[in-house]
Amino acid sequence: MEEAQFCFECLQRQIRTDFSSEKLLFNYALAASPLPFSSEAVVQVSNSDSPHFILKYFPIHQDACFTNYINEHCPNPTPVDIKPVEPQILINNDENTSLPGLWCNTSNCYFSKRFSCLRTITSLAPLSQIGPASFPAFDELASSFVSGITEDHVLQSLNLLIQGKATRRDIINFLNIIGVPSFTETSFPGCIRHPNIVPILSMMKSPAHINIILPKPPYTLENILHYSPDALKSSWHIKFLMYQILSPLRYMHGLGIAHGNVSPSTVLLTDSFWCWLNIGDTLTLQSNSKLSRKLVCCTEGCHSNEIYADLKLSHPTDWHTVFIRWWSGDLTNFDYLLYLNAIAGRRWGDHTFHTVMPWVIDFSVKPDDKKETGWRDLSKSKWRLAKGDEQLDFTYLTSEIPHHVSDECLSELAVCSYKARRLPLSVLRTAVRSVYEPNEYPSTMHRLYQWTPDECIPEFYYDPKIFHSQHSGMSDLAVPSWASSPEEFVKLHRDALESYRVSCQIHQWIDIIFGYQMSGEAAVAAKNVMLPPSEPTNARSAGRRQLFSLPHPARWGVIKKSSQHNPDLVTGEKHVLHETSNLQALEKAAMFIEHASHLSPLYDPGLEELSSQEEVTSENFEYGRDENLPLALDIHFLLQNIEADDYSTSGYQDFLLWRQKLSCSTNPSAKIANDVFSIGCILAELHLRRPLFNPTSLALYLHSGVLPNLMQELPPQVSILVEVCIQKDWKRRPSMKSILESPYFPATVRSSYLFLAPLHLLSKDGSRIHYVSSYAKSGALKLMGTFAAEMCAPYCLPLLLTRLTDAEAESAYIILKEFLRCLSLQAVKTLILPVIQKILQTTGYSHMKVSLLQDSFVRELWSKVGKQIYLENIHSMVLSNLYVSPHKSSSGAASVLLIGSSDELGIPLTVHQTIVPLIQCFGKGLCSDGIDVIVRIGGLLGETFIVKQILPLLKNVVRSCIDVSNLSRPEPMQSWSALALMDCLMTLDGIVELLSNDVIVKELIEDGGCLYIQLLMTSYLGMPSLQVAATSLVAISQQIGPELTTLYVMPKLKELFEKLAFSEETRSGPRLKVSKNKVENEQMGNRMDLVLLLYPPFASLLGIETLRQCCTTWLILEQYLLWNHNWKWEKTEESSRGGVDNLNSRRTSYSMNPTSEYNPAKVFLHGLGWSVPQSQVDKDVKNSKRHHHVRSLSTSRDHVPWNWFPTPATSWDGPDFLGRVGASSNEIPWKISASVIHSVRAHHGALRSFAVCQDECTFYTAGVGPGFKGSVQKWDLSRIVSSSAYDGHEEVVNDICVIASYERTASCDGTIHMWNSQSGKRISVIAENSSQYGTSLMSASKIHSDQANMLDLSSLGSGILSSAYDGSMYTCMHHLETLNRLVAGTGNGSLRFIDIEEGQKLHLWRSDSFESSFPSLISSICSCGSTKMQTNGAATSPSWIAAGLSSGQCRLLDMRSGDLITSWQAHDGYVTKLAAPEDHLLVSSALDKTLRVWDLRKNLASPLILFRGHNDGVSGFSVWGQDVISISRSKIGLSSLSQQDGQHRLTPQYLYMADRESRNMSVLSNITILPFSRLFLVGTEDGYLKVCC
């Protein structure tokens, strides 16, 4: 059936007419040709959240089967309700099912004779709603698609099957479709859509056309191959994609119908990279139909037919033919450039990637071939002409990623500005500027050219209407004065494009926009280096595609015709030279054509069918039960079809055996065999990343059987499969079933497909979540294995981020736990943790979030990833649920989690990662549950912890707030400070309940003056803060009792009473009387209201006589209370006591339950319009009793763990009132004081190496032991006590490494000992064979077959240091976490890789050269990205390994191949340490007294940053974030990676003891940072371990 081609305007008009609504928005048309003609458009309902749909037009042909099918369901295009396709009734005869009237009576039917067209079309498009075209019908199907009800019944049936309940017949049909239990050669037409066939949602009929509607996928396979081939991350992903393409083709072939157009452009891909095979053309094709070669609009009288009448392009065609026609002068520049745009993927009407043309004149003068002025230089991009070379050079040299061009050659802004007169204002407001201002758009062509740095659009070369404005207020675009009208301008402009001058230069512009000057050195020379995409593995549907890698030939035909008119070139030597140049141009063009042959891909051999298709009538076709199907389907049957082979691969022999079995198979038709040929071409292209066939190579193959040379580049196994698929004899090509069962597809592909196929039905998210959780809980993920589960995770985990009901959240929680158990550590880090982070960051109520905040889940997460990774990625998200208006459910769950985990995390981590960040949030929206966390952790860890860790921090907050109030600061900061103070006082209220009276007096009253009195004496403190301080002072006095209050509080309170007594308010006499309850319920009016808050309660507590004795101004104060508040002791004693008792009861309630509704500031906070969030649940009273129990026992816990740990208050000055709200714990500055907290003798000799476990509570030291043997000690940081970890070393241990994933530790003394981290039991000892380093070459025959990458080493002598470090000795180690490999450096400059699990040596890579007879030893190793996650969740592995050598050199090796990337002299001495803080940064230290930072993306002749200042060699360093601590002899140096490029001088300093009176004089040998504990450890040459802060 011939497509109905419209110009874009007519297509938009036709859609508006057919659907009679402005609510159906026309976005853009999809043109399959270089010209703006199309039969399909991207549309959507006028709703910002509405998805995009493809609306495709076909003309009505009365004799066509497809038309008859539509007419049967919708005979007349009248506005009636749309009808779904009704399934045919099956007649049961015993066990079989027969169907009458299976075949089609139409003589030219394209479909198979096996079934009727009615049944075939219904089977391919079972979801299609058929009816007349109308907007209500379109809106209804769009709503159904968004809601997911279209195929939800199928997934619900599958859920019932998994749960062991009765299910429907359609689930059996669905399982058969996807190959459960196995694929069959024939298919029976049903009403279940194959999940890999594009869902055709509707077929709507208008008077002259049939409209097919399907969802618009974001990508096609053609997009991926052109713009983001790295999105297919591995060979497994290619196999999985091919499996998805083959499965629907197997189904179609089983129905007896061929697809007919299998190519990358018909393979549609969803956001999740799920494949949909486009069958829109297949449904409408007829056997005798041919695509029209004439590109015209089918609307009669359309002006576009006149505009394009002179164009010579036809459709379809190939680049080879188009180029030759253009090169020879038969095709215009305009035609050729349109075709280049088409194959580059640029789209008419798509403003983000519009068809591009060059500016050829500057519009200053009329274009004249005989004059030099007015012509644009086509050898430079418009961007370069506009910006200038100087600016582009500056951009290239100063950018982090060197580039000249930061934007597209034709941006959306430029296109919409060019077409502003014709575009709707809504588009202009979106793309150009939100406020429409017509005068800001260039008014003339000359100004437009000068304004834009972008290239031109084709409309300026053919369409005069683009100059005419349809907006009031915006004038027409003025043409230059040398043109009388837009029509004349377009003609002159087009003539300029086709002129001799432009024809001689246009190939240079093609090189810049489409050619070889887009990359490499040519792009640098042309100043055309583009900014690369930030994530190469992210899929893209558009982008700049480089078509050519050789310089584009000039347009020889035009040049030749011009030269023929030259009378000088007619005879003699000049004629010979001219003919020679013709031959050279022809040879150059031929070479160029061959090199660009990939631009004309072919996927169909075009063979005609040589035999009739198999015919099946109702008499000889029977459909019965699959023999492999059990009588009753259940979950056990589904699980039996899931298998795993995580480590098995099919060998070459398996493919040969598979090919032999195909010798007896035949194909039923040439058309089906052509689909197989196309599959072979696509498979080859996915591996080659370029097409297998072009017109020349295909013709050669079909004629003589010569395969393309590209076949030699395919992997051997893939080559066999491709060769079988593209056999010349179409009858011998394999069926789709045979290919699906080939050894090319491992069991993980099939298992993943069976698991994921139901997930991609058009169903509700809730049904999908229940399906995945039920199937995973039944053991599906465990059965398919770790690798297959990792491949399925990206399809399943995004479901957890949708809005969920409580029931769905429970299922989602099961999904997360099942994947957590089945995935590897690296997969959990890259896939699971980002999902957890996003869930914890959601606002409002979330049942899923509350589930993740449960202690059981967090502990399971700890056991999988370790506490360090948890602290890096999750802990700050837990804290975020306690500030900025959190929901009460999540804040309550977060508080319980933080309290319960504090004891196991240990005091340093609890203080720095929980307590300090929460205090940092004071005044920034911290809820009462956040305060409760601090209080209850204090109660849990005891009075000593409170006094040493919490109280100093809270005191700092109070002092900071006092300082802020005394300064002239902006009002917002003053308010912030006041809120922080009130949060702090509320925390102190809870803490006080946990302390003994003596401690309260010592810490809060005597120490530095009473904090509460200091606050009340502060002149500029706000009234709310004063009121909170006053009520808190009363409460603390009541707790310590009248005697201690009289002795310690009243002397300090006396001064406050005196100050209030002699204030202006008391001297002013009586004022308007206020209710006694005013201060309790509202904000205080002035400072004198403090008298009412303080005097009566203290009178009740101490007695009036005692109070008067302590307060000399009692008469003035009582007189003030009488005048202003009608207070007298005789009359108000009981009421006052009642008020005090009431206050006591409320404070007791709070102290017993810190998360109760009471808080001291609530009274006046409500008065100011502030809200105070309350906790989620009421805690049991027994919790408060636990606090008192802890308090009573605190005196007996003097020797608790961590008693040496210092308070962070010494290096923390209180909250930063200018900082960001809710800053994560890692963003809180760490002020290094260079103090030694604790020092202990760890080894008899030098301490050589540290290895810290993830929890930072356990670490290992290695060094010199008794008798100069090796010693490894295991330390408990809480008590700083050690035990012997491993005693198997005879030599000094120089390096140690903890491998947490295997609970193993590796230590190196020249050989590598692998031992159990818990028991210290030796697992294996790994040593090099010293014979390899002898005087003779190692025989190749001695290399094990599994060590094919091992290098042959020549004689290296005995080493440069001593016999202990000859070539057979290991010098250092590095753990490659993502690969679970250990890499060790050797004394001869080589790298040995070791399998940790097996404890065996792998390959050996040599990084040293053979130039020196004394090779350098490897002194340090690091790799990039070894502990980092990519933002897109993809598993990452190190791409390079850096090795530092004793000679001062650094060598960079490719992780995948072992090839030497680069080598440079990094230092003038022994390299002591390397580290990779970022993937492109390398930090190195050496004995030449310097610390250097290298940017591996730039020239390594000089470092990015050079730190000098050490007076001795730098023996090591440690990096945390941007901070670097280096050691040199007995001093440390502090430096930052954030400093500007160049040389910097650091100031070394000694390590002082905590008293700051004595300093460390020992030579420092090693250093490591404990970032989460805010500590660092140093080792010394005399064997001491020093804990520093």
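The values are calculated or read from the model by the stated rules, or taken from the named source; none is laboratory data. If you're wondering where the values come from, they're calculated on a predicted model, not measured in any experiment. As a convention, Cβ positions derive from the backbone with ideal geometry for all residues, glycine included, and neighbour counts pool all protein chains shown. The protein model used for the area step is the full one, side chains on, heavy atoms only, and it has no ligands, DNA or RNA in it. Shrake-Rupley method; radii C 1.70, N 1.55, O 1.52, S 1.80 Å.
Quick notes
- Any chance S1419 is more than 30 Å from P794 (Cα to Cα), open to solvent by less than 10 Å² (accessible area, probe 1.4 Å) and modelled with pLDDT of 75 or more: no
- Failed item in (1) crowded, with 19+ Cβ neighbours inside 10 Å; (2) over 25 Å from D1295 (Cα atoms), with P1571 passing the rest: (2)
- Output for segment 1532-1559, where each listed residue is under 21 Å from L1487 (Cβ atoms) and open to solvent by less than 40 Å² (accessible area, probe 1.4 Å): I1532, G1533, S1535, L1546, P1548, L1551
- One residue from G179, G190, G164 being small (G, A, S), open to solvent by 10 Å² or more (accessible area, probe 1.4 Å) and on the phi > 0 side of the Ramachandran plot: G164
- Listed by first and then second residue, the pairs with beta-carbon distance under 6 Å, at least 6 apart or on different chains, first residue in segment 767-793 and free of Cβ contacts under 8 Å to residues at least 40 places away in the same chain, second open to solvent by 20 Å² or more (accessible area, probe 1.4 Å), are A789/C822; A793/L831.
- Qualifying position, being in contact (Cβ under 8 Å) with a residue 60 or more places away in the chain, open to solvent by 50 Å² or more (accessible area, probe 1.4 Å) and either among the basic types (K, R) or outside any loop (DSSP other than H, G, I, E, B) (or both), among I401, I324: I324
- Test for K1002: is it modelled with pLDDT of 85 or more and open to solvent by 50 Å² or more (accessible area, probe 1.4 Å): yes
- Per the listing I814, I874, the residue uniquely closer than 20 Å to I162 by Cα, surrounded by fewer than 21 Cβ atoms within 10 Å (Cβ to Cβ) and not hydroxyl-bearing (S, T, Y) is I814.
- Within segment 1273-1316, the set of residues being without any contact (Cβ under 8 Å) to a residue 40 or more places away in the chain, among the small types (G, A, S) and open to solvent by less than 30 Å² (accessible area, probe 1.4 Å) comprises A1285, G1288.
- Elements of type strands (runs of 3 or more DSSP E) in segment 1454-1537, at least 2 residues being touching a Cys at 6+ places or on another chain (Cβ under 9 Å) and closer than 30 Å to S1573 by Cβ: 1471-1475, 1481-1486
- Check on D1007, open to solvent by 20 Å² or more (accessible area, probe 1.4 Å), among the acidic types (D, E) and closer than 23 Å to F945 by Cα: yes
- Condition met for Q505 (free of Cβ contacts under 8 Å to residues at least 24 places away in the same chain, outside any loop (DSSP other than H, G, I, E, B) and either open to solvent by 10 Å² or more (accessible area, probe 1.4 Å) or more than 25 Å from H595 (Cβ to Cβ) (or both)): no
- Residue, surrounded by the fewest Cβ atoms within 10 Å (Cβ to Cβ), within segment 1484-1499, restricted to residues that are touching a Phe, Trp or Tyr at 6+ places or on another chain (Cβ under 9 Å) and closer than 16 Å to S1463 by Cβ: L1496
- Residue check for D271: open to solvent by 10 Å² or more (accessible area, probe 1.4 Å), of a type outside the set (K, R) and within 24 Å of G680 (Cβ to Cβ): no
- Residues within segment 1500-1531 that are touching a Phe, Trp or Tyr at 6+ places or on another chain (Cβ under 8 Å), polar (S, T, N, Q) and surrounded by fewer than 21 Cβ atoms within 10 Å (Cβ to Cβ), tallied: 1
- Residue check, S481 of a type in the set (G, A, S), open to solvent by 50 Å² or more (accessible area, probe 1.4 Å) and either at pLDDT 95 or above or over 23 Å from F363 (Cβ atoms) (or both): no
- Residues that are at pLDDT 85 or above, open to solvent by 40 Å² or more (accessible area, probe 1.4 Å), outside any strand (DSSP E or B) and farther than 30 Å from S46 by Cα do not occur anywhere in segment 87-108.
- Checking each residue in segment 727-747 for being closer than 23 Å to H703 by Cβ and open to solvent by 20 Å² or more (accessible area, probe 1.4 Å) picks out Q727, K728, D729, K731, R732.
- Among the helices (runs of 4 or more DSSP H) confined to segment 1018-1072, the ones with at least 3 residues that are under 18 Å from L1093 (Cα atoms), within 60 Å of the chain's Cα centre (by Cα) and at pLDDT 90 or above are located at 1023-1044.
- Tally of residues being open to solvent by 50 Å² or more (accessible area, probe 1.4 Å) and either closer than 29 Å to L35 by Cβ or in contact with a Leu (Cβ under 8 Å, 6 or more places away or on another chain) (or both) across segment 426-445: 2
- Test for V850: is it in contact with a Ser or Thr (Cβ under 9 Å, 6 or more places away or on another chain) and either in contact (Cβ under 8 Å) with a residue 60 or more places away in the chain or at positive phi (or both): no
- In summary, strands (runs of 3 or more DSSP E) completely within segment 1251-1296 and bearing 1 or more residues that are acidic (D, E) and in contact with a Cys (Cβ under 8 Å, 6 or more places away or on another chain) occur at 1270-1276.
- Residues satisfying the stated conditions in segment 657-678, i.e. under 13 Å from K728 (Cα atoms), in a helix (DSSP H, G or I) and in contact with a Lys or Arg (Cβ under 8 Å, 6 or more places away or on another chain): A673, V676, F677
- The set of residues in segment 679-726 that are of a type in the set (V, I, T), open to solvent by less than 20 Å² (accessible area, probe 1.4 Å) and assigned to a loop (DSSP other than H, G, I, E, B) contains only I726.
- Look at segment 1036-1063: where a residue is without any contact (Cβ under 8 Å) to a residue 40 or more places away in the chain and open to solvent by 40 Å² or more (accessible area, probe 1.4 Å), no partner that is part of a helix (DSSP H, G or I) and not hydrophobic (A, V, I, L, M, F, W, C) sits 6+ places away or on another chain with Cβ atoms under 9 Å.
- Single condition T332 does not satisfy, out of (1) surrounded by fewer than 23 Cβ atoms within 10 Å (Cβ to Cβ); (2) modelled with pLDDT of 90 or more; (3) out of contact with any Asp or Glu (no Cβ under 6 Å at 6 or more places or on another chain): (3)
- Evaluated against (1) within 18 Å of S263 (Cα to Cα); (2) of a type in the set (A, V, I, L, M, F, W, C); (3) touching a residue at least 60 places away in the same chain (Cβ under 8 Å); (4) touching a helix residue (DSSP H, G or I) at 6+ places or on another chain (Cβ under 7 Å), C725 falls short on exactly one condition, (3).
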